[in-house]
Structure formats: C-alpha cells, structure tokens
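One structure below.
Coordinate-derived values only; no laboratory data. It should be emphasised that the depicted structure is a prediction, and the values quoted were computed from it without experimental measurement.
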Amino acid sequence: MTRLLYILLFFIGFQTQMSAQASVNDYKYIIVPKQFEFLKSPDQYETSSLTKFLFNKYGYTAFFEDEDLPEDLSKNRCLALRSHIQKNKGFLATKLQIDLKDCNGNIIMSSVEGSTKVKEYKKAFQIAIREAFVTFQFLNYEYVANEDVKASGTRVDNSSEAKEIEKLKKEVEALKAKKEEMKTMISEEKKEIIALENKPKEEVKQIIEATVDLEPESSPKSEILYAQPKPNGYQVVDMTPKVVMFLLETSKSDVFMVKDENAIVYKEDGFWYLSKYNGDKVTLSQLNLKF
C-alpha cells in the first residue's frame, strides 16, 4: 500500500477518533490475547504477536495476557485496555477492525477498518492488521494517570472480593449445618447402642430379628476382610487391599460403630455381623472378618 493511502486512512480515522485520544491516554497498558475470537488456535498466523509488536512499536506498553505483568497492573487490571480484533464481512476481502475495551467491556476506541484482497490467510490478516494500526500509529499516545480509572479498578476488585466473601460465608454455613446434622446422627446412634448395652442379650437378639432383614445363613460373605489397628479403632480392608470401612470403638467389647454410616459391626456366637440402617429398614449381613 502506498504512503498516500496510509495518510488518507489516517485522516479518515482521525476525524472520528480525535475525541477518543484523551480516553486512550488514561490507560497505562494494552493487554493482547493469545488467541482472537475469530481464529481457531493461539497466535494463529502470528496475529497476536504482530498486534503486540505494533502496539509496542508505536509507543504503547503491551503484554500478552499470560505474561508476568507489572505489579500495579496485577493489582488493578483496569489500568489496561484489552485489544480485540473484529473480523468484518467482506466479499472476496479480509476486513479487520481493532477495538480497545476497558475492564468493564466498554469500547474506548476503534480503529479504521483494515482491508485486503490477498487470498493467502497469513499475509491477508497481517496486512489488514497493519492497515488498521494506522489509527494508533499517529495517535501520539502518552499515558496520563487518571484517578477515575484507578478507582474503577478498586471498585471492580471490591465487588469481586465481596462476592467471594459472600460465597465463602454460604459455604461455611453449609458446613456448620452439615456438622450439626452429623452430631445429631452420631448422638442418636450412641443412644441406640447404649440402650442395647443395657438390655439382656436375648432381648437384644429378639429386637434385631424383629426389625432387620436377615441374609440367609447358608450364604455368608466369602470375601475375607482384615481389620488393621488404627487410633480409636480399625480400618477394614479387602484382599486388594482396598479400605472397605472404618470401625470406631465403643464401650462394649466386640461392638464397633462404622464411621460415616448408620451401621454397627458386632460379634455374636463366634461370627461377625454388619447391621446397617438404610432409612426405612435395617439389613444384617455376616462378615468374614479377621482381626
């Protein structure tokens, strides 16, 4: 493209963009994405690399979004404008326009449209980007700190922080409610065990037989389980070995509570049994448990 056409493009853009210069000067940095929305892969056709290079060439301070950022920008993303490239419709032509948006997504400035009829994609995109950059090339950009821009970053940060705090509060409340629910369940289980401990053995057996579904005695579980000592009880593993359950000690010998389940494991007549309450009934199964 001839120098005359560059100058013509500049003056076309200059008339519509002059009022935006002061706004662009309010921002200290430019953030360039590694992949623009109309492309299929990061830095395809070196579009992101070229965009960053041209911003830096013409006096701006540009970074990729995944680079190590300056400390002030890391703390306040509103100090930067984010570059977006829009691919416009064109018959047999590649047409691109560069928008600069603030941290709230508002367009602060748009370039003139860069256009070319070159068919090879990489060359076409790069020509169109360079044409669009005529707008920023002659803007005479110079950063001037704007307190309103800085404050907008603080407001965004505070809003995000407030949402995060509110989310954490809800999570804490949910955990407290769950903890209280578990305390109630454990307390009820302990009461049931204590009540059984205070009853004669025959009466306990009658209660169990009346309230549980017994698995056939002729088909006890053949899988061998091993109880391994742990603080306050045992962990039960299978042949894999895979942890099957945790047994918590009670005041009664050969009676254990199953951790995190409505169940107990106890020994009777030389055999170990698992008694589990599933919400509407109790099931009883024999275990091949080795200590």
- line: Diffing segment 132-144: the Karplus 3J(HN,Hα) column from phi (6.51, -1.76, 1.60, θ = phi - 60°), in whole Hz with x for Gly and Pro, holds 5, 6, 4, 4, 7, 5, 9, 7, 6, 4, 8, 5, 10
- prompt: Which value results for Rg/Rh of segment 3-145 when Rg is the Cα radius of gyration and Rh the Kirkwood radius based on the inverse mean 1/r?
  reply: 0.95
Percent antiparallel among DSSP beta bridges (both partners in segment 3-145, rounded to 5): 70
query: Counting only residues 5 or more places away or on other chains, whose amide H sits under 5 Å from the amide H of Val118 once H atoms are built in the peptide plane?
result: Thr94
